[in-house]
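Visitor: Next up is a structure, given as structure tokens.
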Amino acid sequence: MGQSAGATCVEYLGMLPQLKGKISGIIQQSGSAISSFSLGRYRRLGAYVLSTSLGLQSQNSSAILEYLRTVDPEELRKRALTTSVDVLYGTGAFHGLLYIPGLESRSNKNSLLTEMTYEQLKGGNFNKIRRLMG
């Protein structure tokens, strides 16, 4: 059971083939995996915005990754929760929180989310379980 972002997470769990037969039903309140806030589409941009907000001036992905690895985890957590992509780019297509689920590579055997959720639902590629939505 989940509400808002929690409902989105519950639906993601209900869609995972790795959990087939392990979940008998879900309850979603005011949230869905097809909500606009449920899937991050600009993860590299988000990492750039976060690193810039912490003082790094680089667009190199490797440099950003190495820099973020040196930041105190508590500072990183606080900054990630209070920084949104619109800090540098205004509102619109890039508006949103930094850390939400994103598509993963199909080539990684540990990937969980490998296709757009609306395509997964449209194609029937989800666990057939009881759902209560409201």
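The values are calculated or read from the model by the stated rules, or taken from the named source; none is laboratory data. These numbers were taken from a predicted model, which means no experiment stands behind them. Every residue, glycine as well, gets a Cβ built from its backbone with ideal geometry; the counts of neighbours run over all protein chains shown. Quick note on the areas: whole protein, heavy atoms, side chains included, nothing else; ligands and nucleic acids left out. Shrake-Rupley method; radii C 1.70, N 1.55, O 1.52, S 1.80 Å.
Visitor: How large is log10 I(q)/I(0) at q = 0.16, 0.22, 0.26, 0.33 Å⁻¹ when the Debye formula is applied to the Cα atoms of segment 22-69, each weighted equally and without solvent?
Guide: Taking Cα atoms of segment 22-69 as identical point scatterers yields -0.60, -0.75, -0.92, -1.19.
Visitor: How big is the dipole moment of the chain about its Cα centre under a simple scheme where the beta carbon of each Lys and Arg is +1, that of each Asp and Glu is -1, and everything else is neutral? Debye, nearest 20, please. Please list the in-between numbers first.
Guide: Values: 15 positive and 9 negative charges, 111 e Å.
With only Lys, Arg, Asp and Glu charged at Cβ, the dipole is about 540 debye.
Visitor: Within a Cβ distance under 10 Å of GLY25, other residues only, what is the Lys/Arg minus Asp/Glu net charge?
Guide: Within the 10 Å Cβ shell, the charges total +2.
Visitor: Give the residue from SER30, THR114, PHE126 lying farthest towards the positive end of the charge dipole for the chain; charges sit on Cβ (+1 for Lys and Arg, -1 for Asp and Glu) and the dipole is referred to the Cα centre.
Guide: PHE126
Visitor: Can you tell which of THR83, THR117, THR70 shows the greatest fluctuation in a Gaussian network model of the chain with Cα springs below 10 Å?
Guide: Highest fluctuation of the listed residues: THR70.
Visitor: What is the Cα centroid distance between segment 99-134 and segment 3-17, reported in whole angstrom?
Guide: Taking the Cα centre of segment 3-17 as reference, the centre of segment 99-134 is 9 Å away.
Visitor: Please list, ordered by chain and number, the residues whose modelled amide H lies under 5 Å from the amide H of SER32; skip anything fewer than 5 residues away on the same chain.
Guide: Close amide H contacts, sequence-distant or interchain: THR8.
Visitor: Counting only protein heavy atoms, what percent of the accessible surface of segment 42-89 is carbon or sulfur at a 1.4 Å probe? Numbers along the way, then the final one.
Guide: On the way: 1630 of 3140 Å².
Reported share for carbon and sulfur atoms: 52 percent.
Visitor: Starting from the Kirkwood Rh over alpha-carbon pairs, what translational D in µm² s⁻¹ does the chain have by Stokes-Einstein at 10 °C and 1.306 mPa s? Kindly include the intermediate steps, with their values, before the conclusion.
Guide: Numbers: Rh = 16.5 Å.
Once the numbers are plugged in, D ends up at 96 µm²/s.
Visitor: Also: Over segment 42-89, what relative contact order in percent results from Cα pairs under 8 Å that are six or more residues apart? Can you show the working numbers first?
Guide: Working: 29 pairs, mean separation 22.3, N = 48.
Result for segment 42-89 is 46 percent.
Visitor: Heavy-atom accessible area of TYR48 with all protein chains present, probe 1.4 Å, nearest 10 Å²?
Guide: Surface accessible to solvent at TYR48 totals approximately 40 Å².
Visitor: On to the next question. Show MET1, MET15, MET133 ordered by accessible area, largest first, where the area counts protein heavy atoms only and the probe is 1.4 Å. Show your work: numbers first, answer last.
Guide: Details: MET1 150, MET15 5, MET133 115 Å².
Sorted by accessible area, descending: MET1, MET133, MET15.
Visitor: Shifting gears a bit: So for the chain, averaging the separation of alpha carbon pairs under 8 Å that are six or more residues apart and normalising by length, what relative contact order in percent results?
Guide: Details: 175 pairs, mean separation 42.0, N = 134.
Relative contact order comes out at 31 percent.
Visitor: What is the Å³ per residue value for the convex hull set by the Cα atoms of segment 42-89?
Guide: Values: hull volume 3.3 nm³, N = 48.
Convex hull volume per residue, Cα atoms: 68 Å³.
Visitor: If you don't mind, there's one more thing I want to ask. Write down the percent of antiparallel bridges among all DSSP beta bridges whose residues are both part of the chain, to the nearest 5.
Guide: Details: 1 of 8 bridges.
Around 10 percent of the beta bridges assigned by DSSP in the chain are antiparallel ones.
Visitor: Would you please give the FRET efficiency between ASN108 and SER61, computed as 1/(1 + (r/R0)^6) with r the Cβ-Cβ distance and R0 = 25 Å, to the nearest 0.05?
Guide: Values: r = 17 Å, r/R0 = 0.69.
Taking R0 as 25 Å, the efficiency between ASN108 and SER61 is 0.90.
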